Amino acid sequence: MMYDELWASGPRFLRSRDGFPLSTDSVLLAHFAAGLRAGRIFDLGCGAGVLCVLLRLSHPAAEVGGIEIQPAAAALCRENLTANGFSPEGIRLGDLRDRSALPPAGSCDLVVSNPPYFAAGSGHSAPDARRAGAREERDCTLDELCAAASYLCRWGGVFALVHRPERLSTLFCALSAHGLEPKRLRLVQHRADSPPSLVLAEARRGGRPGLKIEAPLLLTLDGGESPEIREIYHRE
C-alpha cells in the first residue's frame, strides 16, 4: 500500500499500487461543496473515500456516508476514514441504481459524486476492469446517477458533482429530467487562456430556475500554482 498526503499534517490516503492516485477532481469538488450547509451528506460512488474524508473535515457535525460498487474500493474507503479518525460505518457496498442499497428517499441534505466521465463505448477502454469502471459509465450512466441523487436529496437538497465540460449539455438534461435544477457552475482551467478541463456543478432538488456562473478556477497563474490552488492545498 502507498500513502498520498494532501498537505503537511493533513489527511492521508491509502491506495493500492495498481489504483488511481489522489484525484485533484475530488479535492476541487470537496472545496466547491465545503460552504454548503448540510447535516447529512452522501457520496455516490465513493471510491477510496477522498470526498468522504474531506467533507467530514469541512462539515464536522454532519453525518457522511457513501456507496461503492467495487469491494476493494469500498474497503479502502473505510480504511481511509478510520486512518483519519472517522467512523467508517456509513460506507455501503452496493449498486447505486438499487434503491434498497441506498439510504431512505429524501434523507440527505447534500449528495456528491465524482463519477465516470465518459459514456460506455465512447473511446479507448482501459484494459483493467476497475480502471475502466472508474473512467467509463459501465456500472452507471449519468442519467442513473442523477436519478439516484434526486431520490436521496430532500426537497431543497443539493447535488454537487464534478464532470467534463463536453458532457455539460447531457448533464443538464439529466439533472432537469430528475427534478434537479442547476443553480451554480464553475469551470476549471489550467490557465486563463486555456479551455476548461473540468466543470463543477451544483443543482437543487425542486429549485427555481436561475444559474449562477462563477469565475473560473485557475490551476496555474504566471507559470506556477494559482493563489486559490495554493489555498486549497494549504500551501500558503
Report task. Could you please tell me which pairs satisfy a Cβ distance under 8 Å, a separation of 6+ or placement on different chains, a first residue in segment 20-44 that is under 19 Å from PRO88 (Cβ atoms), and a second residue that is part of a strand (DSSP E or B) and among the polar types (S, T, N, Q)? Result -> ASP43/SER113; LEU44/SER113
Query raised in the report: Could you give every pair whose Cβ atoms fall below 6 Å, whose first residue belongs to segment 179-190 and is touching a residue at least 60 places away in the same chain (Cβ under 8 Å) and closer than 13 Å to LEU217 by Cβ, and whose second residue is of a type outside the set (Val, Ile, Thr) and crowded, with 19+ Cβ neighbours inside 10 Å, counting only separations of at least 6 or pairs across chains?
Result: ARG186/LEU200; ARG186/LEU217; VAL188/LEU198; VAL188/LEU217
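Could you list, in sequence order, all residues of segment 188-229 that are hydroxyl-bearing (Ser, Thr, Tyr), in a strand (DSSP E or B) and over 30 Å from ASP109 (Cβ atoms)?
THR220
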Query raised in the report: Looking at segment 193-202, is at least one residue polar (S, T, N, Q), modelled with pLDDT of 95 or more, buried (at least 17 other Cβ atoms within 10 Å of the Cβ) and in contact with a helix residue (DSSP H, G or I) (Cβ under 9 Å, 6 or more places away or on another chain)?
Result: no
**Report entry** Conditions (1) in contact (Cβ under 8 Å) with a residue 60 or more places away in the chain; (2) touching a strand residue (DSSP E or B) at 6+ places or on another chain (Cβ under 7 Å); number of the one not met by CYS140
**Finding:** (2)
Query - Considering residues of segment 151-175 that are in a helix (DSSP H, G or I) and under 16 Å from the mean Cα position of the chain (by Cα) only, the residue nearest to LEU55 (Cα to Cα) - result: LEU152
Query - In segment 181-236, the residues that are closer than 18 Å to ALA160 by Cα, of a type outside the set (A, V, I, L, M) and over 19 Å from the mean Cα position of the chain (by Cα) - result: GLY206, GLY207, ARG208, PRO209, GLY210, LYS212
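If you scan segment 197-236, which residues turn out to be among the charged types (D, E, K, R) and touching a residue at least 12 places away in the same chain (Cβ under 8 Å)?
So the first thing to find is which residues in segment 197-236 are among the charged types (D, E, K, R), and the list is 202, 204-205, 208, 212, 214, 222, 225, 228, 230-231, 235-236.
Those that are among the charged types (D, E, K, R) and touching a residue at least 12 places away in the same chain (Cβ under 8 Å): GLU202, ARG204, ARG205, ARG208, LYS212, GLU214, ARG235.
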Query raised in the report: When only residues in segment 143-156 that are under 16 Å from ALA201 (Cβ atoms), without any contact (Cβ under 8 Å) to a residue 60 or more places away in the chain and in contact with a strand residue (DSSP E or B) (Cβ under 7 Å, 6 or more places away or on another chain) count, which is surrounded by the fewest Cβ atoms within 10 Å (Cβ to Cβ)?
Result: SER150
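The values are calculated or read from the model by the stated rules, or taken from the named source; none is laboratory data. Keep in mind the model is a prediction, meaning the values are calculated, not measured. Because the Cβ atoms are built from the backbone with ideal geometry, glycine has one as well, and the counts that use them run over all protein chains shown.
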